[in-house]
1. When segment 121-147 is examined, which residues are found to be in contact with a Leu (Cβ under 9 Å, 6 or more places away or on another chain), surrounded by 16 or more Cβ atoms within 10 Å (Cβ to Cβ) and not in a helix (DSSP H, G or I)?
2. Test A51 against the stated conditions and say whether it is small (G, A, S) and surrounded by fewer than 13 Cβ atoms within 10 Å (Cβ to Cβ).
3. Can you tell me which of (1) in contact with a Cys (Cβ under 9 Å, 6 or more places away or on another chain); (2) modelled with pLDDT under 90 is the one F126 doesn't meet?
4. Restricting attention to segment 7-56, which residues are without any contact (Cβ under 8 Å) to a residue 12 or more places away in the chain and in a helix (DSSP H, G or I)?
5. Do the conditions hold for L118, that is, is it more than 19 Å from E6 (Cβ to Cβ), hydrophobic (A, V, I, L, M, F, W, C), modelled with pLDDT of 95 or more and open to solvent by 20 Å² or more (accessible area, probe 1.4 Å)?
6. Here's a check for you: in segment 84-95, which residue that is open to solvent by 20 Å² or more (accessible area, probe 1.4 Å) and touching a Ser or Thr at 6+ places or on another chain (Cβ under 8 Å) is farthest from D127 (Cα to Cα)?
7. Provide a single number: the residues in segment 57-83 that are of a type in the set (S, T, N, Q) and over 16 Å from V125 (Cα atoms).
8. Answer yes if at least one residue in segment 64-78 is open to solvent by 60 Å² or more (accessible area, probe 1.4 Å), of a type outside the set (D, E, K, R), within 14 Å of the chain's Cα centre (by Cα) and closer than 26 Å to F142 by Cα, and no otherwise.
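The values are calculated or read from the model by the stated rules, or taken from the named source; none is laboratory data. Everything numeric in this text was worked out from a predicted model, so none of it was measured. Here the Cβ positions follow ideal geometry from the backbone for every residue, glycine too, while neighbour counts run over all protein chains shown. These accessible areas exclude ligands, DNA and RNA; they are computed on the full protein's heavy atoms, side chains included. Shrake-Rupley method; radii C 1.70, N 1.55, O 1.52, S 1.80 Å.
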Amino acid sequence: MMDFMEEAIGQAEIALKHDEVPIGAVIVKDGKIIAKGYNKREKSQNALMHAEIIAIKKACRKLKSWRLDGCSIYVTLEPCPMCSGAIANARIARLVYGCEEKSSGDNLCEKILSSTRLNHKVEIVFDEKYSEKCGRLLSDFFKNKRK
């Protein structure tokens with residue numbers, strides 16, 4: 001069986017090669033990857049070009065629907081508030097992320113995805129198995145930027 005988080009890490013590595021913050025995402029439906037994305041904010045000079053947003057846009061195009069019912073999204077980093085909202089609004093069933101946002105001790109992603117204001121609930125899974133690998137990609141990137 002394909003390891004979808006490894007595929008998301010592969011997307012993050014592509015971002016890294018382009019000097020983007022190394023975050024990757026893949027969207028899966030019925031056991032198959034239907035969309036991939038990696039950060040492209042620097043290249044595009046567009047604040048919206050997060051890995052999750054790119055993957056969601058591609059998945060919607062592929063399924064010809066904004067409703068991504070039955071899909072799972074695998075992301076290397078806990079989604080930001082914008083991406084959390086997009087995940088809920090796209091009706092994605094399951095979010096799996098590889099490492100926690102270091103500065104988010106407030107569980108904001110979970111708060112957004114479980115908000116009573118939303119009529120769709122997303123299952124949230126923190127895949128601790130990848131925490132070190134995903135976290136190292138990010139910390140090494142920022143260490144190198146500070147040099």
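1. The initial filter retains those residues of segment 121-147 that are in contact with a Leu (Cβ under 9 Å, 6 or more places away or on another chain), namely 121-125, 134-135, 137-138, 140-141.
Filter once more, keeping what is surrounded by 16 or more Cβ atoms within 10 Å (Cβ to Cβ): 122, 124, 134-135, 137-138, 141.
Scanning segment 121-147 gives V122, I124.
2. Numbers: small (G, A, S): yes; surrounded by fewer than 13 Cβ atoms within 10 Å (Cβ to Cβ): no.
It is false that A51 is small (G, A, S) and surrounded by fewer than 13 Cβ atoms within 10 Å (Cβ to Cβ).
3. Here F126 meets the rest and fails (2).
4. K17, S44
5. Working: more than 19 Å from E6 (Cβ to Cβ): yes; hydrophobic (A, V, I, L, M, F, W, C): yes; modelled with pLDDT of 95 or more: no; open to solvent by 20 Å² or more (accessible area, probe 1.4 Å): yes.
The answer is no for L118.
6. Going through the qualifying residues, I end up with A93.
7. First pass over segment 57-83, keeping only residues of a type in the set (S, T, N, Q): 65, 72, 76.
Pick out the ones that are also over 16 Å from V125 (Cα atoms) and you get 65.
Going through segment 57-83 one residue at a time, the tally reaches 1.
8. Within segment 64-78, not a single residue is open to solvent by 60 Å² or more (accessible area, probe 1.4 Å), of a type outside the set (D, E, K, R), within 14 Å of the chain's Cα centre (by Cα) and closer than 26 Å to F142 by Cα.
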